[in-house]
């Protein structure tokens, strides 16, 4: 895995390069952030010719290691103005790895209005003009590519939102059953749209595949690692049974379920949208409560959700989406939310950013709280078609807030705050503030320790220990995001002593290396500092490592909690 | 002039305070920026309760000194996110001064949805609930206040744009003939709207008036000063005859007239919108080619522009507005632009920001270049009514650029770049980059020296001397903005040796002080540094002291000039 594919969209050339020595041992987020930091001018316009879009599979992607099938994408984000890494399941990471592609770098911008597609295969990368699929939704795009190039073809594509360069647009990646997973956050779909690439098809027929330096050692470590995943109650039982949506009732109970655009911490309709209700609904309608987003996943927190008539409606129906349109927008009908989820997948827009944007829109009076039918209409007829209102909401929560001059706009670095109230779960607030990605729960998921008591216990309502918790988790997460591993391996890694050593053993066995735990921590620290330095050079400062004012002034029920960290306490995060 | 009026909109109280000793000798911009820097948390939400709106007349306002009738307003800008000072003619500054009001500070925010008005008079300030005038345009508001409180009543008010908190909203100030002048830039109308104040009425009946410490010295200096104003060809002849719009042909000739959203530097229709054409049209239709925006103005660069039937259409019809909708939006019909100007005055929105926003909107394909009728329709039916499209455009050029994901968006610190192309008039580009106000030609009007050969000559197309030119002018302007003087006094001040000493003599005679030229320079430097420090604390950095990328990459005809300053060269501005 040492090929760098480079595509220049200005002069429409492609090349295959050998990775420079300093990129050896880097994968996933470590590699995308390193390349972006090295090759992208931090102050460039994110939708102009000087931004680059970089894809990199994780270090263990393509191997038999459980849950290692994630693909990182990086660029300067048009949403945050800072560096962005977003990773995704689906089939692409493993195909990249089997093809020996360490990274794909897309740079420049067409000088005409033409659109293009890329095909990756054992010979490298081919650039073609694209006409037929323009304007189509992601589902039609995937179907068309599969008809043309075969069922097994991997796909990364953008829908109408990406074509219109909406800053909440995502990039979609085909999963093993032909459904979609998303590089959701930070508007990377708009970056792909700015390069005028509608899709990337991947054909791994005849790929060299993966070489494992020490196969026996790898197998032994992999067995231990997988056992740890299965043994932990969260990754082994909770997530497989109820999906991530198990969290609705848990966060509601904790008073940390942001409700009515972050006005309350509990939602009266929580039972109607909970993981338990969803599970029963799925079973009753003949859907699948378990479904893997990529081959080799042993958690299978995805699902297939059917409509009332038993027809497929959506999959990959996540807690954050259900929270966002449920509690945050006060929509009590899970079917409305599922319909919204399906439309967002099709038009290719981040369901978290869009849900937070709708919450602000509702508070601004654009539509009533709780009106799921109007949400569906706006998604389809306004955002999907790029009307002025559609562009406002499709550009994210900050866009709605600015355009409607709202003061209660839950964003950090202009990225919408996800499904955990930082006043009542304070550790996650530190993550929102300090992550170079903007408000991102996955960057340092303190919910594990604050709420689920994984990896110890840190009282969510007190300030004590939160900065350290977030720091440790962000460092570990940056490293995990480089391996291709799903973030949910953090649950066993935090609680089961054999888990993390087994992960490191797999890395060493794969590459014939001798990494230690300390090396992994160093890697995580380096990634965070690289990202932070990019942001500082782009013009972000510690003044951007802050929650919006209203979290300090508006207490949230039931704990009447406020955000009470001083600037100095927050900035201490970077003391490492 | 030593009363500070303070209005707290949260608890609806008012108070009259004595100015603290450190504010002695400060007026206009020096005072508003000092108060904002001292009392406003730099990271606060500009439309929330922690921002403050400050008004202060200049040090010479209320005296008989020519052109001294300008009022400064300051706050944290909702457009730039930094500090803002915007000054205006009209009758208010002189009334403030005669009432002995050094500053009016409006803080807090109502806890209900009620709206209010303020009345300033010899007894202080009275706060009242306001209902009847809500939703009305500025012309109707002024008329209603005059009917109610008398023809002489001073008025500061906001129109529908300010009520809707659009970030391009301005504050309007009544001029001596009952027409309007504007605190145009930076969205201060939205700040006034956020405080929920529809208007401020001023009654100076029985005011204590102005005391001059040394009346004879004042009179003598004033005569010299006025003579210098009349003797200089720009302030004495060019501006009085053709208004500021004399610049259309001059800038077109220089290749610095930004055309078609800053694509070209010359406009084929320049003759149709020029100051010369405007002058002849005004005369032919029975309008007034000369008109003062405040009592005591000897330049009278304003005018009364009638429609084809000889009925009043607009006044205060400035070069920047005519450029903005003319060359920048390619509208060749001066009547369409005059109609747009009148509507913008009525709804209360900055004509520069809005014109630049329309240029971006045209490039985005929202409406065709050159379509003046559609501009008028959008102003009236979309911006005036706060539709989604209206809010996008009414939030300024950066808003249109972000919402439509455009890369060619002429803004600095999110404020639209005015009527002089920085590639072909490089000194003004340094002012746009470095002014703490965002892109603002008045902050350091290098056009004087680059184009009009006032105060020497610095080749507009070369980099040499531009940073120093802009620095000297910004320092001088900050000081002038504190005196209440119109910026056009810079023309004689730069060329006629007696002018500046006479200005200083007037200050000394007014206050019994002993200021020197060095003191004035120190004042200017201190103001700029105070403002810059506020911005740094608010999260702006030197990365925000930059022109947009396209100025570097897209050469502008006819000189094929690009913006070629290095970051280091720009940052050297702050070496003082």
Restricted to segment A:387-409, and to residues that are within 7 Å of chain B (Cβ to nearest Cβ) and within 21 Å of residue A:344 (Cα to Cα), which residue is surrounded by the most Cβ atoms within 10 Å (Cβ to Cβ)? A:395
Across segment A:3-24, which residue is farthest from the other protein chains (Cβ to nearest Cβ) among those that are part of a loop (DSSP other than H, G, I, E, B) and closer than 19 Å to residue A:99 by Cβ? A:24
Considering segment A:262-279 alone, what residues qualify as being within 18 Å of residue A:429 (Cα to Cα) and surrounded by fewer than 24 Cβ atoms within 10 Å (Cβ to Cβ)? A:263, A:264, A:266
Of all residues in segment B:537-562, how many are under 30 Å from residue B:462 (Cα atoms) and within 14 Å of chain A (Cβ to nearest Cβ)? 15
Criterion (touching a helix residue (DSSP H, G or I) at 6+ places or on another chain (Cβ under 7 Å), outside the structural domain of residue B:523 (by TED's automatic domain parsing), at pLDDT 95 or above and surrounded by fewer than 23 Cβ atoms within 10 Å (Cβ to Cβ)) met by exactly one of B:31, B:26, B:12: B:26
Considering only segment A:41-48, I want to know if a residue exists there that is touching a residue at least 60 places away in the same chain (Cβ under 8 Å) and within 25 Å of residue A:3 (Cβ to Cβ). no
Could you please find all residues in segment B:117-143 being buried (at least 16 other Cβ atoms within 10 Å of the Cβ) and free of Cβ contacts under 8 Å to residues at least 40 places away in the same chain? B:136, B:142
Which residue out of A:49, A:57, A:42 is touching a helix residue (DSSP H, G or I) at 6+ places or on another chain (Cβ under 7 Å), closer than 29 Å to residue A:536 by Cα and within 14 Å of another protein chain (Cβ to nearest Cβ)? A:42
Got a sec? Which of A:247, A:239 is surrounded by 20 or more Cβ atoms within 10 Å (Cβ to Cβ) and at pLDDT below 95? A:239
Those strands (runs of 3 or more DSSP E) completely within segment B:91-165 that have 3 or more residues that are in contact with a helix residue (DSSP H, G or I) (Cβ under 6 Å, 6 or more places away or on another chain) and assigned by TED's automatic domain parsing to the domain that holds residue B:182 are B:154-157
Looking at A:533, A:526, which one is surrounded by fewer than 19 Cβ atoms within 10 Å (Cβ to Cβ), away from chain B (no Cβ under 14 Å) and assigned to a helix (DSSP H, G or I)? A:526
Number of the exception - residue A:568 against (1) over 26 Å from residue A:60 (Cβ atoms); (2) part of a loop (DSSP other than H, G, I, E, B): (2)
Scanning segment B:563-576 residue by residue, those free of Cβ contacts under 8 Å to residues at least 40 places away in the same chain and away from chain A (no Cβ under 11 Å) turn out to be B:566, B:568, B:571, B:575
Step by step: first the residues of segment A:372-386, then only those that are more than 14 Å from chain B (Cβ to nearest Cβ) and touching a helix residue (DSSP H, G or I) at 6+ places or on another chain (Cβ under 8 Å), then the one that is nearest to residue A:332 (Cα to Cα). Which residue is that? A:372
Regarding residue B:561, is this residue modelled with pLDDT of 95 or more and either surrounded by 21 or more Cβ atoms within 10 Å (Cβ to Cβ) or assigned by TED's automatic domain parsing to the domain that holds residue B:77 (or both)? yes
Tell me yes or no: at least one residue of segment A:213-232 is within 26 Å of residue A:152 (Cβ to Cβ) and assigned to a loop (DSSP other than H, G, I, E, B). no
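The values are calculated or read from the model by the stated rules, or taken from the named source; none is laboratory data. Everything quoted here is computed from the prediction, not taken from an experiment. Cβ: placed from backbone, ideal geometry, glycine included. Neighbour counts: every protein chain shown.
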